[in-house]
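Enquirer: Okay, handing you the structure first.
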Amino acid sequence: MSLAPDVFTYVADLVQRRAGIQLDTGKEYLVESRLLPLAQEAGHARVDTYVRGIRGIERPADVQAVVEALTTNETSFFRDGSPFTALADDIVPALRSRPGGLPRMRVWSAACSTGQEPYSIAMTLADAVGPETSVEIVATDLNQAVLDRAAQGVYSRLETNRGLPSAMLVRHFEADGTSWRVREDLRRQVTFLRHNLLESPPFGGGFDVVFLRNVLIYFDLPVKQAVLDRVLTAMRPGGYLVLGAAETTIGLDDGWERVPVARGAVYRALTGAAGTTSPVRPFLPTPARAPLVPTPTVPSPFTTTGTVPAVVPSAAHAAFLPTARPSHLSAPVRGESR
Amino acid sequence: MRALVVDDSRTMRRIVAKILEGLGYETSQAENGQEALDALQQGDAVDLVTVDWNMPVMDGLELVGHVRKNRDLRSVTLMMVTTEAEQSQIVRALAAGAHEYLIKPFTAEELRAKLDLLGLVPLEETA
């Protein structure tokens, strides 16, 4: 069964208008597989008849359901590892070294899906910043259904097994049947809000760090520029932007400079809220003048012996479990002896 | 990459070994902790040991403790693979020196994700 051309054209146009996301020809399968559950729920055997049914009226609830079904991203805890290593090893030290230190740290996790990213950020910061820093994380997504799930903070075993070190699991989660629930202290740090990246951030500005990963790749050039522009206005001058590994601001927006980190795509805002100029001189010609020095990758616990050279250490694991010894359980659970 | 699969269930050993072999590992097997410890102490060099908890003769937790005390085996990565699902049991195993913990039943994808976390997926598999 294939999607009728007029139906695909309509859906692609709708998603472009509402979410700024381009669905090129060839994505018919994606549209069909994502919309089939909605069609069936509405009593249609085929996506074609379902879409034609909502096309004439465009009720907001229907439109939102279609857009949400097509914009949900795959996610996992500590996805890609290196952004979280960069957060702990590069970004936090740089923010802390500013005059006045880091009494408060605001982070925006944009397009947070079911919440694994903001909770991974919270877990990273639990180790990277001291008690003198209060952490606030605003996590946004276009899709209300994923936000509701994220706010509950309950994840299946399959989800926690993907990317979450066991030491982090027992420290920051509690068992909930066969699932795991994020502990209250971590959950309290994260506020989930519905937000469309094409609209101005409604939740105040002043972000020190924005995670906007694997989002720009879906947008065409003008939308990429518009989104980056809005993100820039939500940041403190000199704040940090973390993109997906395949993404860049280069050629899109002059308001950013690339920060040399061991791995990952990290940029610093040269201006920020209200167009104020960064105290750091823009367009640094050499990495030596940037406040961040490239830090060597955390050595893998498994490369010291030379017995397993053909492996890459996972950045997520290496960031938190820097030694091969059991001391990686850095904060033993009360009552447990080592 | 070499792995030692320790489990008293023959079926379980075969399942784990098959997944690991699919990722490019050479595998060997042991039926209990003592048999595994003997193999390791006799110089059977492995990168990874997957360890069941409840086994006759010597259980998995005891095996983990012995391996961790042996300086010659410092480079060995230990992953518990067990039906023990209590949070307190995970804490015990990690405190004893296990690097990761996978609860049975699990999928091949979950085992692979754990290996990825440990940096123990052979390079050609990580693309």
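Enquirer: How big is chain B by Rg and Dmax over its Cα atoms, in Å?
Expert: Cα radius of gyration and Dmax of chain B are 13.2, 41 Å respectively.
Enquirer: Now a separate question. Would you give the gap between the C-alpha center of the stretch B:28-103 and the C-alpha center of the stretch A:43-81, rounded to a whole Å?
Expert: Each part reduced to its Cα centre gives a spacing of 46 Å.
Enquirer: Per residue of the stretch B:101-115, what does 6.51 cos²θ - 1.76 cosθ + 1.60 with θ = phi - 60° give for ³J(HN,Hα)? Whole Hz please, x for Gly and Pro, Karplus curve as stated.
Expert: Result, rounded to whole Hz: 9, 10, 8, 7, x, 9, 9, 4, 5, 5, 4, 5, 5, 5, 5.
Enquirer: Now for a different question. Could you tell me the convex hull volume per residue, in Å³, taken over the Cα atoms of the stretch A:1-155? Before the final figure, lay out the partial values.
Expert: Working: hull volume 22.3 nm³, N = 155.
So the per-residue hull volume is 144 Å³.
Enquirer: Separation between the A:Arg52 and A:Glu199 pseudo-spin-labels, each 7 Å from Cα along Cα→Cβ, expressed in nm?
Expert: Label-label distance for A:Arg52 and A:Glu199, simple model: 3.3 nm.
Enquirer: Quick one: what does P(r) look like for the stretch A:15-93 with 10 Å bins over all Cα pairs, in whole %?
Expert: With 10 Å bins starting at 0, P(r) equals 16, 38, 20, 15, 10, 2.
Enquirer: Of the peptides A:101-107, B:80-86, how do they stack up when ordered by the mean number of other Cβ atoms within 10 Å, highest first? Walk me through the numbers before you get to the answer.
Expert: Values: A:101-107: 17.0, B:80-86: 18.6.
The packing order, highest mean first, is B:80-86, A:101-107.
Enquirer: Which value in Å does the Kirkwood hydrodynamic radius of the stretch B:40-81 take, with 1/r averaged over all unlike C-alpha pairs and then inverted?
Expert: Working: mean 1/r = 0.0946 Å⁻¹.
For the stretch B:40-81, inverting the mean 1/r across all distinct Cα pairs yields 10.6 Å.
Enquirer: Now, a different point. Please compute the alpha carbon radius of gyration of the stretch A:74-275, then divide it by the globular-protein estimate 2.2 N^0.38 Å. Two decimals is fine. Mind dumping the intermediate values first?
Expert: Numbers: Rg = 16.1 Å, N = 202, 2.2 N^0.38 = 16.5 Å.
Output field value: 0.97.
Enquirer: Report Rg/Rh for the stretch A:103-209, rounded to two decimals, where Rg is the Cα radius of gyration and Rh the Kirkwood radius. Kindly include the intermediate steps, with their values, before the conclusion.
Expert: On the way: Rg = 13.8 Å, Rh = 14.2 Å.
Result for the stretch A:103-209 is an Rg/Rh of 0.97.
Enquirer: For A:Arg230 and A:Tyr29 in the same chain, what is the full-extension length gain: residue separation times 0.36 nm, less their Cα-Cα distance, in nm? Kindly include the intermediate steps, with their values, before the conclusion.
Expert: Values: separation 201, 0.36 × 201 = 72.36 nm, distance 3.22 nm.
Full-extension gain reported as 69.1 nm.
Enquirer: With each pseudo-label sitting 7 Å past Cα toward Cβ, what's the B:Lys18-A:Glu174 distance in nm, one decimal?
Expert: Computed distance between label sites B:Lys18 and A:Glu174 equals 4.0 nm.
Enquirer: Across peptide A:158-164, what mean number of C-beta atoms from other chains lies inside 10 Å of a residue's C-beta? Could the numbers behind the result be given before it?
Expert: On the way: counts 5, 1, 3, 13, 7, 4, 3.
Going residue by residue through A:158-164 and averaging, the value is 5.
Enquirer: Please turn the phi angles of the stretch A:56-65 into ³J(HN,Hα) values with the Karplus equation 6.51 cos²θ - 1.76 cosθ + 1.60 (θ = phi - 60°), one per residue in order, whole Hz, x for glycine and proline.
Expert: In residue order, the calculated couplings are x, 9, 6, 5, x, 5, 5, 4, 4, 4 Hz.
Enquirer: Then there's this: So if I average 1/r over every pair of distinct C-alpha atoms in the stretch A:49-120 and take the inverse, what Kirkwood radius in Å does that give? It would help to have the intermediate numbers written out before the result.
Expert: Values: mean 1/r = 0.0638 Å⁻¹.
Answer for the stretch A:49-120: a Kirkwood hydrodynamic radius of 15.7 Å.
Enquirer: Per-residue mean of other chain beta-carbon atoms within 10 angstrom of the beta-carbon, peptide A:246-256? Each step should come with its number before you reach the end.
Expert: Numbers: counts 0, 0, 0, 0, 0, 0, 0, 0, 0, 0, 0.
Average per residue, whole number: 0.
Enquirer: Taking K and R as +1 and D and E as -1, what net charge do the other residues with C-beta under 14 Å from the C-beta of A:Glu159 add up to? Let's see the in-between values first.
Expert: Working: positive: A:Arg79, A:Arg149, A:Arg157, A:Arg162, A:Arg181, B:Lys114; negative: A:Glu74, A:Glu117, A:Asp176, B:Glu109, B:Glu110.
Once all neighbours under 14 Å are counted, the net charge is +1.
Enquirer: Report, as an integer, the average count of C-beta atoms from other chains found within 10 Å of each Cβ along B:74-83.
Expert: Values: counts 5, 9, 4, 4, 2, 1, 1, 0, 0, 0.
That works out to 3 on average.
Enquirer: Along the charge dipole of the stretch A:5-69, Cβ charges K/R +1 and D/E -1, which of A:Leu23, A:Val7, A:Val66 sits furthest on the positive end?
Expert: Looking along the dipole axis, the top candidate is A:Val66.
Enquirer: Tell me which residues come under 5 Å, amide H to amide H, from A:Gly153 once H is placed; ignore anything under 5 positions away on its chain.
Expert: none
Enquirer: Taking R0 as 51 Å, what FRET efficiency do you get between B:Asp44 and A:Thr133 from their Cβ-Cβ distance, rounded to the nearest 0.05?
Expert: On the way: r = 48 Å, r/R0 = 0.94.
Between B:Asp44 and A:Thr133 the formula returns 0.60.
No lab work stands behind these numbers, since they all come straight from the coordinates. Predicted model only: the values in this text are computed from it and were never measured. When we count neighbours, we look across all protein chains shown, and the Cβ atoms used for this are built from the backbone with ideal geometry, even at glycine.
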